[in-house]
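Asker: The structure is given below, and queries will be raised subsequently.
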Amino acid sequence: MSGARTAEMVIGGVDKGLMFGGKVLEAAGGSTFGVENPATGEVLCEVADATPADAMAALDAAVAAQRSWAATPPRERAEILRRTYELLMARIDEIALLITLEMGKSLAESRSEVIYSAEFFRWFGEEAVRINGSWKINEAGTGRILVTHQPVGTALLITPWNVPLAMPARKVAAAAAAGCTMIVKPAPQTPLTMLMLASLLAEAGLPPGVLNVIPTTSASAATRPLMEDRRLRKISFTGSTEVGRILLRQAAQNVMRTSMELGGNAPFIVCADADLDAAVEGAMVAKMRNIGEACIAANRFYVHAGVAEEFTERLTARMSRLRVGNGTDPGTDVGPLIDAAQRDKVAMLVGDAVDRGARIRTGGAVPGGAGYFYPPTVLRDVARDSRIVKEEIFGPVAAVQTFTTDDEAIHAANDTEFGLVGYLFTRDIERAIRLSERLESGMVGLNRGYISDPSAPFGGIKQSGTGREGGDTGIDEYLDTKYIAVNVAGP
Ligand code: ADP
């Protein structure tokens, strides 16, 4: 079977309508939009384009299913999530290909994303049967305090294009485990992966109405009426800080529960005493995973002046060996960026840094031909006032600066409105703890470049957001605490 034929079959196998109430539907008025392959610029297929009326119908379906889903035994919810994990793993090749086709990353990276996503279903399946409460005597001894947790209710989940399976997976798995029904609005660049996930969840036994999917090119118009509807009780969003602010303002109207995974500007600090092999390895992962299109991507490299040249040289050697190409080609390490706008933004940031004195050690030039490719690039002597230091790059560019004291490194690292993750490489245990504690971020990669883990609380502080996904507290984002005061007069 040829690769092209397989791609056609995978795309052909996805339901391309709106999904709600357990049905696959056309959009009101029948409009559709094209999904592009960023490696070729070709349209893969057309998908139904939800209108605000469609979004409201999805909300109706989710609200109608809320009571019975909340009342579904936790073990039953857990089993559905476990079966979803198994289905994802069983169909890993097909799903990985779909991710690569619509998002661009290499097949190897897409496979890792499927595994990472599947693990959220397994993790939250395990969490579904461990929603604990407590029971205690009040201080006066005159009553009992019974604490229990209940599903928040219907949730709107809005996801970005860069990790099109894992971003919805960590929201959907947590919401379903808690007993919430939901409406998912995937990014218009990558709706197919979410539609595929929805059909797997249905196959795993998720009842109609619990999960409703509304692909749309009018995100703001379609979601605003939902945000204004008092039946919607929760918004979980992953995307830019700018859009997060809009949604937080909208959520304020009905005092809705919110979880926000917003932008990042991760510092990557290499101290003079770091294990340079580990630092370079960590840099490759933290920078190049997902083609640099990740909110946790290392954005600013701060390397101690004493090791900066050696670190840069080794990083440059590794970066220049990476093979850029169509993600479906087996030899590809680095696929295309998502679209022309993203590629042009990366080129602009590099141009600005060079104008301010940065030197290009490798990469730095947009290749000709089809697709939105940008080469792995290393910049040295990046000036502190460069735009690349202040803005999320979302591309395969490592911008290296130097420092001489720990204070200087921490001050520079924290000099941003973002606070998602920081990476730190040092062999000194005390320095490691001290600097990890001083980093203003929700997460720290200490001597490692890979921090994503379903059993860890993922999330940021400052303008990188609120709430945590995964870990022991991930399910709490979809639960309300209820306290029942019980009168017990006398012994
Ligand atoms: P990115 O720059 O990565 O595309 P965005 O924050 O623009 O990040 O988009 C993330 C998600 O938010 C996408 O699904 C997008 O369609 C959606 N989105 C964008 N603007 C709005 C909005 N005003 N209201 C609701 N959703 C939005």
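Asker: Quickly run through region 59-106 and pick out the residues that are aliphatic (A, V, I, L, M) and in contact with a Phe, Trp or Tyr (Cβ under 6 Å, 6 or more places away or on another chain).
Answerer: A61, L81
Asker: If a residue has to be under 17 Å from R314 (Cβ atoms) and in contact (Cβ under 8 Å) with a residue 24 or more places away in the chain to count, how many in region 352-380 make the cut?
Answerer: Result for region 352-380: 8.
Asker: What's the total number of residues in region 470-491 that are buried (at least 19 other Cβ atoms within 10 Å of the Cβ) and aliphatic (A, V, I, L, M)?
Answerer: 2
Asker: Let me ask another. Which residues, counting only those in region 459-469, are buried (at least 23 other Cβ atoms within 10 Å of the Cβ) and either closer than 23 Å to E391 by Cβ or without any contact (Cβ under 8 Å) to a residue 60 or more places away in the chain (or both)?
Answerer: Of region 459-469, the ones buried (at least 23 other Cβ atoms within 10 Å of the Cβ) are 459-460, 464-465, 469.
Scanning region 459-469 gives G459, G460, S464, G465.
Asker: Please list, ordered by first then second residue, the pairs with beta carbon atoms under 6 Å, 6 or more apart or interchain, first in region 137-160 and not assigned by TED's automatic domain parsing to the domain that holds A58, second part of a strand (DSSP E or B) and within 16 Å of the ligand (Cβ to nearest atom).
Answerer: Between residues of region 137-160 that are not assigned by TED's automatic domain parsing to the domain that holds A58 and residues that are part of a strand (DSSP E or B) and within 16 Å of the ligand (Cβ to nearest atom), there is no close pair.
Asker: Further question on the same structure: Within region 69-79, is even one residue of a type in the set (K, R) and in contact (Cβ under 8 Å) with a residue 24 or more places away in the chain? Break it down stepwise before answering.
Answerer: Of region 69-79, the ones of a type in the set (K, R) are 75, 77.
Next cut, in contact (Cβ under 8 Å) with a residue 24 or more places away in the chain only: 75, 77.
Yes, region 69-79 contains a residue that is of a type in the set (K, R) and in contact (Cβ under 8 Å) with a residue 24 or more places away in the chain.
Asker: Of the residues in region 66-121, how many are closer than 21 Å to A456 by Cα and among the charged types (D, E, K, R)?
Answerer: The qualifying residues number 5.
Asker: Can you tell me which residue among V147, V152 is surrounded by fewer than 24 Cβ atoms within 10 Å (Cβ to Cβ), modelled with pLDDT of 95 or more and out of contact with any Ser or Thr (no Cβ under 9 Å at 6 or more places or on another chain)?
Answerer: Working: V147 fails: out of contact with any Ser or Thr (no Cβ under 9 Å at 6 or more places or on another chain).
After ruling out the rest, the residue left standing is V152.
Asker: Additional query: State yes or no: is A198 away from the ligand (no atom under 16 Å from the Cβ), touching a residue at least 60 places away in the same chain (Cβ under 8 Å) and in a helix (DSSP H, G or I)? Steps first, answer last, please.
Answerer: Numbers: away from the ligand (no atom under 16 Å from the Cβ): no; touching a residue at least 60 places away in the same chain (Cβ under 8 Å): yes; in a helix (DSSP H, G or I): yes.
So A198 fails the test.
Asker: Something else about it: Restricting attention to region 213-239, report how many residues are surrounded by fewer than 15 Cβ atoms within 10 Å (Cβ to Cβ) and either farther than 16 Å from M182 by Cβ or within 8 Å of the ligand (Cβ to nearest atom) (or both).
Answerer: Our first condition is that a residue be surrounded by fewer than 15 Cβ atoms within 10 Å (Cβ to Cβ); within region 213-239, this holds for 220-221, 225, 228, 230-231.
Add one more test, that the residue is either farther than 16 Å from M182 by Cβ or within 8 Å of the ligand (Cβ to nearest atom) (or both), and what stays is 220-221, 225, 228, 230.
Looking only at that region, the number is 5.
Asker: Kindly indicate the residue of region 154-195 that is charged (D, E, K, R) and assigned to a helix (DSSP H, G or I) and also farthest from the ligand (Cβ to nearest atom) among those meeting that condition. Explain how you work it out, then say what you get.
Answerer: Step one: filter region 154-195 for residues charged (D, E, K, R), giving 170-171, 185.
Imposing the further condition that a residue be assigned to a helix (DSSP H, G or I) reduces the set to 170-171.
Values: R170: 15, K171: 12 Å.
Across region 154-195, the extreme among qualifying residues is R170.
Asker: I would also like to ask the following. Could you please find all residues in region 93-107 being surrounded by fewer than 17 Cβ atoms within 10 Å (Cβ to Cβ) and free of Cβ contacts under 8 Å to residues at least 40 places away in the same chain? Reasoning before the result, please.
Answerer: Kept after step one, since they are surrounded by fewer than 17 Cβ atoms within 10 Å (Cβ to Cβ), are these residues of region 93-107: 93-94.
Selection gives D93 alone.
Asker: Let me ask another. Can you tell me which of (1) within 26 Å of the chain's Cα centre (by Cα); (2) more than 21 Å from M167 (Cα to Cα); (3) among the hydrophobic types (A, V, I, L, M, F, W, C) is the one A28 doesn't meet?
Answerer: Looking at each condition in turn, A28 falls short on (1).
Asker: Take A297 and decide whether it is within 13 Å of the ligand (Cβ to nearest atom) and in contact with a Phe, Trp or Tyr (Cβ under 8 Å, 6 or more places away or on another chain).
Answerer: Details: within 13 Å of the ligand (Cβ to nearest atom): yes; in contact with a Phe, Trp or Tyr (Cβ under 8 Å, 6 or more places away or on another chain): yes.
When the stated conditions are applied, A297 passes them.
Asker: So which residues in region 31-59 are in contact with a strand residue (DSSP E or B) (Cβ under 8 Å, 6 or more places away or on another chain) and either free of Cβ contacts under 8 Å to residues at least 24 places away in the same chain or over 30 Å from S106 (Cβ atoms) (or both)?
Answerer: So the first thing to find is which residues in region 31-59 are in contact with a strand residue (DSSP E or B) (Cβ under 8 Å, 6 or more places away or on another chain), and the list is 31-37, 42-50, 54-55, 57-59.
S31, T32, G34, E42, V43, A50, D54, A55, A57, A58, L59, listed by residue number.
Asker: Looking at (1) in the same structural domain as R224 (by TED's automatic domain parsing); (2) crowded, with 24+ Cβ neighbours inside 10 Å; (3) not small (G, A, S), which is the only condition R257 fails?
Answerer: (2)
Asker: Let me ask you something else. Quick one: how many residues across region 201-215 are hydrophobic (A, V, I, L, M, F, W, C) and assigned to a loop (DSSP other than H, G, I, E, B)?
Answerer: So the first thing to find is which residues in region 201-215 are hydrophobic (A, V, I, L, M, F, W, C), and the list is 201-202, 204, 206, 210-211, 213-214.
Now narrow it down to the ones that are assigned to a loop (DSSP other than H, G, I, E, B): 204, 206, 210, 214.
Total meeting the criteria: 4.
The values are calculated or read from the model by the stated rules, or taken from the named source; none is laboratory data. All figures in this text were calculated on a predicted structure; none of them were measured in a lab. In this analysis, Cβ positions are derived from the backbone assuming ideal geometry, glycine residues included, and neighbour counts consider all displayed protein chains.
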